[in-house]
Structure formats: structure tokens, C-alpha cells
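Asker: First the structure, then my questions, so here it is.
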Amino acid sequence: MFLLIISVVIAAFLPFLPFIYLPILSLIILSLYIKLDFKVSTLKIVVALLLIIFVYFTSLAHKQQVDFLLMGLKEQRGEYLLKVAENNGDYYTLKIISSQNSKKRDSILFFTEQELPINTILLYKGEIKNFNQYKNPGSFSPYNIYRWRNYGYITENSGNTAIIQFGDKVSKKEINDFINKRLEKLADMVVPLAKGVLLGQRRELTTEQIINLNRGGLLHITAVSGLHVGIIYLIVQTILKKILSKKLSLTIAFITAFAFTGIVGFRPSTLRAIIMLGIYSFAQIQGYPYSLKRALEITALLNILYYPLVVLDPGFQFSYLAVWGIAYISPKLKFFEIISNNYISSILKITVAVQLAILPLNYYYNKGIPLLTPIANLLVAPILPLYLGALICFILFPWKIIAIPLEIISYYILNISAITGYWLHINEIMLIFIVFLFLCVFVIYKLKNYRFKYLIPILLSALMLIFFFHQPAVKIHFLDVGQGDCALVQYRGYNILVDTGGIMGSNIGRNVLLPTFNYLGVKKIDYLFITHPHFDHMGALGEIIDYIEIDNILIPDNEEMYTPTFLNVLEKILEKDINFQRLKKGDSLVLGNITKQVLHPPENYYPSQSVLNNISLVTLLDYKGVKVLFTGDIEGEGESLLIDELVPVDILKVAHHGSNTSTGELFLTISTPKYAIISVGLNRYGHPSNEVLQRLRDRNIIYYTTQRDGMITVKIKRNGQYRISTYGR
């Protein structure tokens, strides 16, 4: 059964992997069946193959359907009648009742601070946005699963929303409101955590609390999961078994857990838990033996057969791998049995087993290894059932005697998360090197031939030297941030960021930039250039300023810079005591052999049109004769002022995402770039313009786009030679 599950998961993933993986993974599956299930019957093999084929083609068909819809679908605009189907805490899932658009989506996510009852009818006029799939190393969007489900999303700023009819008077919202009112009787400091743990609501948690919980590996306790469902079941069953029959106590416990799941939502992790609890309850009532391994395998198989794309959901991946660790790894950790206290021994085994099981996922999604997460979970996991039980009691009986221990435990959890948030962030090359190092140590330990024992360290040292000397002196990464701009320059430990990108409602800083920074080894930003105050160039600044140290922020020295968008972030910049500088034509930044010269805007410049675009900082980066021109969103008027300053460049960052209002004939004739980089995503503006692309072709300028190529990296060697590579293809 376990082998079948692995095969089915691989089959579900295959449509999303390059074609070259198909024969490789097929051989892996075949080899596993030959090695592990050599004596399996022909009938079982046939059934397994049929299931694998079914899952593969179901997954493939759905992917092709979504690809077809998205191929010609930019941003849908129109009028939609929508119904609130589910409250997910930070957003609502809406079903489309009627639409003007012929290309319909399955559902829409609505990111809003409004409180909307289930079954509320909304009239929405505006655009429905697509979920981007960002092609950067380390980047991951938690909403990728919704992209493949053919979901779109809307925000309060993407259109006009009117409530046509309020939903049910008695609904999950009313239950949530009742619970929220009771929880608000607790101390202000602990209310957000209590709401997060019981209802999965993170809105009231401060940014600092979310960062600490995430780094400490405890953020999962604020996302209602299978753990919560299991604890509710355990609490109810433990209490009732003392006063009711076994059959009745198990039945009521399951019904209670099922009702709780209905309130918080049937997500992959809660669905996994409730199905497994159903199997457990049935086995106990009927007197059948219960196998955790078999229950997990049956539940996973049912989930995947019903909806193969669920394997792309991080909630599914973490939930099933965690339980797999308990079932398969925990029994092998015999070392902890030396502890005389069975309870402590069991907690240690389960905690370590779970952390080992989800370690690959932690690395994949965070590009790092949590160093103290096992300790944090070890300190918090044993008291979580007590905490949940006390919360339920407080909701029923809001007495001060219950509130006091709740507040103490809340402070305890928040403090534990604050002191255990240490991660080791390493990129894939370094990870491969570490694995290789451990393999060498293992081989040396096993080898009996002493000559080979000395040869391996010598070879390893040689490989390290080769690796070091082949590293480029300068790396310039043009990140895929959708319809926006973001470039990172790395040189001698310095990190220079030019713009941050930003898409309304996307949390692009936390979901895209920070994971990529972790992958690239960025611990702090030394210099952050904001070219101009449009959201697609600086929208993520408000996010990353909370997560990563920034030494200097540099902006155009122009009064037009101080828009509401920028002023919203300026207050936070001043609070963080970040060095803040205004730049104009003639200023420059020199770091060793690298120079970044400001060419625009000139002093006291006031554009007559496209004001914010034309005040863009235009900078020329020069390293040993290799010149890269960064242009922001400058348009024709600004370009005309640059003509006298322009010199031939090697690489041009095309202005304004390839708009036909920029990158004019004369500008290209004088700058004569060999390569052009266009930072662009899905948009309704027609970027990049065919006219601009034709200008580039006419001059034999090789161009790259982040939408097509993903992150684009320029690597400049110490001798001035350079090459360009792409991540997305």
C-alpha cells in the first residue's frame, strides 16, 4: 500500500514536471516494485497501474484545462454575482453565480477585512486577477494550488463590491462571532494568539509575533490543522469515557471533532485527521485492530483519487509527512527509550520524528533548516491540549480562574517562539556540497585502505578550490515579481536592491522576495534604491522592512516622490532608524571596483507628463568596463534628458516593463545594448509592446523577459567577462 501511495503521488506530480522526468520517475517506480514487491500478484500490479494511469491523466487534463484558460486570459474585467462559500480567516472563497465573461473560473478568493456571513450575495464590478507562478529559486507562493484549481482573486482595491443580500443568520460566522466575543475578555496581548490557535485567525497577530512564530516553527499552531482536530477528539473522548460507554463516547467525540472541522473548514490537514479519526472510531467500536500506517495510506489514497492536484497543497504535504514520521520514523528512535519516564520519551520520539519527516519540506519552502524548532515544539506540544481545552472551557464559562492560566500559557508560547527562531539558510549548491562531505566522511570511515582515506580529503579540497575560483565577482539577479520591478546586485558580501516589486493583495515580499533572498544567502540589504513611488516598484517594501535588516534606503530627490503610497512606508522607515538619502543626477555609490552612478533625475526637475514615471532614478552600474543601465519606469520625456549622459552599455533594463512610451529609437541608438532585460508579468496593458520588441530585434539586441524566463541572472567574472542565465527555462 505504501509503495502504491508513492506511485500515485508521483503520477499526480508528473504533469507539472519537465518531460525529461517522465522516463526517470517511471524507472524509479518500476525498480521499487521489482525490489520491494517482487512477490505481489499480477492482479494487484494491474490495479496499481490502472490507478496510476487514472491519477496521471486526471491531473494532466486539469492542468491542460487551466493552461488553456490562462493562455489567452489576462485579467478578466466585468460584472460578477458572487456568493460567499467559505470563511478562511484571511480571505473568503466565493462561488460565481453569474458572469458577463465567457471564460469562467471555478471560484474566487476575496482578500478583505470585511466580515461577511456565509451565503452572502455580492455584486462585484472590476477585474479578477490571476495567481502568478513566480519563477525564482526558493520562491514559493502558497496560492499556487489555487492557480491550478483555476481560481482567481479580488481585493478591496481591484474593483467595487456591493452586498446584495446578507447570508444565513445562523452560520459559521455567528459561531465565530460568539467565540471571538468570549476570547476578547482575555488580556489584549494574548487575544490574537488565542484566536489563532482556536479559529486559525491570524489577522490580529502583530507582524513581530508572526515572524517569531514562523521562525520558531510554531506558526502551524495558529493554522487550524489535523493536530487541533485530534486534540478536540482526545479531550472529548477522555472526559466522556468515564461516564458513558465506549461506543457512545467514541461516537460523540467523533461528531464533536467533525463539527469543529466544519466550523474551521475542510482543509487537507483537517480532512486527513477527520477521516483517520473515523477509521479509528469505527475500528474501536467494532473491535477491529487499528493500524496508523494503513489508516494514513487509505486516507491519502482517497484524497488523491478524489482530487489529484491536492498533492500540490502544502497543507496536504506537511500534514501527511508529519503523520508518516510518527508512523514510520518514531518507532525507530530507540535512543529515547533510555529515558525512564514513558510520557517524556514518547513526546521526544514523536517531536523528533515529525521534524525529521518534514525537514525536506522546510528546506524546499524556506530554503533553510530550523535549528531550534524541535526544541520549540517539544516545549509547546505537551501543553497544547491543555491550552485548547482551557480555551474551550473559557468560551463556555468565561471565568477569571480559567483566564489566568490561559494568559500565562499564551505568554509562554510567544516567548518560546521569540527565543527559538534560528534557521540555517543554505542554497542548493551548498546543500549538495554538505551531503557530499558527509558521504566522504562515511566512505573514509568505512574504507580499510589507508591510501584512499588520504586521497578523498585531497580531492574534496581540490573541488572546494575549483568551486571558489569559479564564482563570479558580481551577480545581478532580475527577479520574477510579476508585473513589477526588482533587481538584486551581489558583490563582495554587499547586497544592493533596486526596487521591491509589489502586487495588491499578494504578500509578494514574504512569499517571493524573502524565500529567494534566503536561497541567495542575503542576510541584509546594504543599499535599497526605490526608483519611484509606484506600487509595482515599492509595494513590497513595507513587508520586507519587517523581516530583513536594511542599512540604507535611497530615493529620487524630488517632491513628487512623497505620494500616499510612499508616505505609508516612510513612517516605518523612520521608526526603524534606517539611513535615508535623496539622490539626484551626479551622485554615485562606489564599493570597491563597482560604481553605481545616478544619471537622472536632475536637480529641480518637474516633468510635464507621466510625472511619477519620469522622476525615476536612472543609474549606471559599472564593473571593470561591464555596464548595466537601470531605468525604472522612465518615459520619452525623461529619456530625452538622458541623451547627453548616455554611453554604450552592455545590458539595458528596459524601462516601464516594455511599454511603447519608453525605449525610443534614439535612446537605443546611443546606448547600443547587447542584451535587454524586461521585467514584466501578466497584465492588461499590452506589456511588453510589440513595437519595443521590434526595435530590439532590428538592432539584434537579445532580450529576456521575467514572465517567460523567470529570474534572469548576469554573472560578471573578475576579468570582465559575463554571461546571462535564466531560472525559468
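The numbers here are math on the coordinates, done by the rules we state, and not lab data. Note that the structure is a prediction, hence the values are computed from the model and not measured. For neighbour counting, all protein chains shown are included, and Cβ atoms are generated from backbone atoms with ideal geometry for every residue, glycine included.
Asker: For residue 341 and residue 718 in the same chain, what is the full-extension length gain: residue separation times 0.36 nm, less their Cα-Cα distance, in nm?
Answerer: 129.7 nm
Asker: Next question. Hey, any idea what the orientation-averaged projected area of the convex hull of the range 282-324's Cα atoms comes to, in nm²?
Answerer: So the mean shadow area of the Cα hull is 3.3 nm².
Asker: Spelling out what I want: for every residue of the range 416-423, take phi, set θ = phi - 60°, compute 6.51 cos²θ - 1.76 cosθ + 1.60 (Karplus), and round to whole Hz; glycine and proline get x.
Answerer: With the stated coefficients, the range 416-423 comes to 4, 5, 6, 9, 10, x, 10, 10 Hz.
Asker: List the residues, sorted by chain then number, that are 5 or more residues from residue 583 or on another chain and whose placed amide H is less than 5 Å from its amide H.
Answerer: Hits under the 5 Å cutoff: 555, 557.
Asker: Can you spot the aspartates and glutamates whose alpha carbon is less than 14 Å from residue 572's alpha carbon? Ignore those fewer than 8 places along the same chain.
Answerer: 208, 543, 546, 549, 551
Asker: Determine, for each peptide in 471-478, 178-185, the mean count of other beta carbons within 10 angstrom over its residues, then list the peptides with the highest first.
Answerer: Packing proxy ranking, top to bottom: 471-478, 178-185.
Asker: To continue, here is another question. Which entries in 627/653; 524/674; 585/717; 181/241; 624/717 show an alpha-carbon gap greater than 20 Å?
Answerer: 524/674; 585/717; 181/241
Asker: Turning to a different aspect of this structure: From Cα coordinates alone, what are the radius of gyration and Dmax values for the range 325-406 in angstrom?
Answerer: My reading of the Cα-based Rg and Dmax gives 16.4, 45 Å.
Asker: While we're here: Tabulate in residue order the Karplus-calculated ³J(HN,Hα) for the range 671-683, using 6.51 cos²θ - 1.76 cosθ + 1.60 with θ = phi - 60°, rounded to whole Hz; enter x for Gly and Pro.
Answerer: 7, 6, x, 8, 10, 10, 10, 10, 8, 7, x, 4, 7
Asker: Please list 3J(HN,Hα) in residue order for the range 294-310, calculated via the Karplus relation 6.51 cos²θ - 1.76 cosθ + 1.60 where θ = phi - 60°; whole Hz, with x for glycine and proline.
Answerer: For the range 294-310, the Karplus-derived couplings read 5, 4, 5, 5, 5, 4, 4, 4, 4, 4, 6, 5, 5, 8, x, 6, 5 Hz, x marking Gly and Pro.
Asker: Dipole magnitude of the range 173-423 about its Cα centre, charges +1 at Lys/Arg Cβ and -1 at Asp/Glu Cβ only, in debye to the nearest 20?
Answerer: Using Cβ point charges on Lys, Arg, Asp and Glu, the range 173-423 gives about 480 debye.
Asker: Turning to a different aspect of this structure: Work out the FRET efficiency for residue 332 and residue 591 from their Cβ-Cβ distance, taking R0 = 51 Å, and round it to the nearest 0.05.
Answerer: Rounded to the nearest 0.05, the efficiency is 0.50.
Asker: Students often check this: by mean Cβ neighbours within 10 Å, which of 482-489, 689-696, 640-647, 240-247 ranks highest, and how do the rest follow?
Answerer: Ranking, from highest mean packing down: 482-489, 689-696, 640-647, 240-247.
Asker: May I pose another question? So how far apart, in nm, are the two label points at residue 54 and residue 244 if each is 7 Å from Cα heading toward Cβ?
Answerer: 3.6
Asker: Right, another one. For the range 549-598, taking Cα atoms only, what is the radius of gyration to one decimal and the Dmax to the nearest whole Å?
Answerer: That works out to 12.6, 38 Å for Rg and Dmax.
Asker: Oh, and also: Principal axis lengths of the range 299-353 from Cα atoms, whole Å, largest first?
Answerer: Principal extents (Cα only, largest first): 45, 16, 14 Å.
Asker: Here is a further query. If amide H atoms are built 1.01 Å from N in the plane of the peptide, which residues on other chains or at least 5 residues away come under 5 Å of the amide H of residue 495?
Answerer: It is 526, 527, by chain and number.
Asker: Right, here's the next one. How large, in Å, is the range 169-322 by the Kirkwood hydrodynamic radius built from its alpha-carbon pairs?
Answerer: The answer is 17.0 Å.
Asker: For residue 676, which sequence-distant residues (separation of 5 or more, or a different chain) have an amide H within less than 5 Å of its own amide H, given hydrogens modelled in the peptide plane?
Answerer: Sorted by chain and number, the residues that satisfy this are 652, 702, 703, 704.
Asker: How much space per residue, in cubic angstrom, does the convex hull of the C-alpha atoms of the range 474-726 take up?
Answerer: It is 117 Å³ per residue.
Asker: Still on this structure: Please report the orientation-averaged projected area of the range 571-663, defined via the convex hull of its C-alpha atoms, in nm².
Answerer: 7.4
Asker: Now, a different point. Sort 584-595, 280-291, 407-418, 510-521 for me by packing, meaning the mean count of neighbouring Cβ atoms within 10 Å per residue, highest on top.
Answerer: Most protected by this proxy first, the peptides run 510-521, 407-418, 584-595, 280-291.
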